[in-house]
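Please read the structure below before turning to the comments.
Every number in this text was worked out from the coordinates using simple rules, so none of it is lab data. Not measured: the values here are computed from a predicted model. Because the Cβ atoms are built from the backbone with ideal geometry, glycine has one as well, and the counts that use them run over all protein chains shown.
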């Protein structure tokens, strides 16, 4: 494959502005910003690319107050640490650990400086959140019967916030490294990047830690609920998520071996992700794969 070369920053600037504008309505679009700037930073140099990133954040700050500051706090450190890891050729586990850990800190800084952290720590925050939605016209009177369920869900989200933040940071970092590595490969540059998803497998050290967390949580569940419910519950959620991802990779591997059409495979994997009844069996499959390496057995 002939490397794709581009010396102009104009495509990146236009794409970043487009993502910035789209993100005002759909914030999930901002997830693609780190990949965009990290790719160009590796290819064209860190200083000019970070200058462009700062310019984008200033533009967004003018359009939507505090939005530029939030994006700079979230993604600026992430781009810098990932650039450092890629340039110094850190291994994948080290890169994911350092970058996801820093991203969690960045999220906490944003939550603290914007007042969100203090808001969700209040006992009546679900009721206040509903009132805010009513004023915005999002929450209708016909939805009143769902208020107790919604309040319970909000309180559970706060309880599992540490695990949610770690999971979110791992996803953003993994996606950023994957897309960056693939784009740089098209340009003839090889950097450390995650393998294809169907080969995803947790390191044995991580398996030992997660297995211990699950075992201790299940055996001493009552005592842990009294002593450290936050630690136990969040540890179990994080372990279950990681084993689910590994199980999903195993499913993807066997779909590939069956030569399944990409569209059908994507539909089935999406159904598995969003179907609660499938999540537990897939997580158990990931745990089993950590013990036996099912993909290697199949290849033999």
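Taking 7 Å along the Cα-to-C-beta vector as the label spot, tell me the residue 69-residue 175 distance in nanometres, rounded to one decimal.
2.6
Would you mind classifying the range 240-300 by shape? Square roots of the alpha carbon gyration tensor eigenvalues, ordered a ≥ b ≥ c; an a/c under 1.5 is rounded, otherwise it is prolate if a/b is larger than b/c and oblate if not.
Working: a/c = 2.83, a/b = 1.06, b/c = 2.68.
In terms of gyration-tensor shape, oblate.
What distance in nm separates the simple spin-label points at residue 80 and residue 153, each placed 7 Å from Cα in the Cβ direction?
3.8
Relative contact order for the range 1-140: what percent, with Cα pairs under 8 Å and sequence separation of 6 or more?
So the answer I get is 15 percent.
Taking the highest mean first, how do the peptides 55-62, 38-45 order by number of other beta carbon atoms within 10 angstrom per residue? Please list the in-between numbers first.
Working: 55-62: 16.8, 38-45: 20.8.
My ranking of the peptides, most packed first, is 38-45, 55-62.
Between residue 190 and residue 277, with labels modelled 7 Å along Cα→Cβ, what's the label distance in nm to one decimal, could you check?
4.7
Rounded to the nearest 0.05, what FRET efficiency do residue 270 and residue 91 have when you use their Cβ-Cβ distance and R0 = 25 Å?
On the way: r = 31 Å, r/R0 = 1.24.
The value I calculate is 0.20.
Rank by packing, highest mean first: peptides 158-165, 282-289, 88-95, with packing defined as the count of other Cβ atoms within 10 Å averaged across residues.
Working: 158-165: 16.8, 282-289: 20.2, 88-95: 13.9.
Taking the mean over residues of other Cβ atoms within 10 Å, the ranking is 282-289, 158-165, 88-95.
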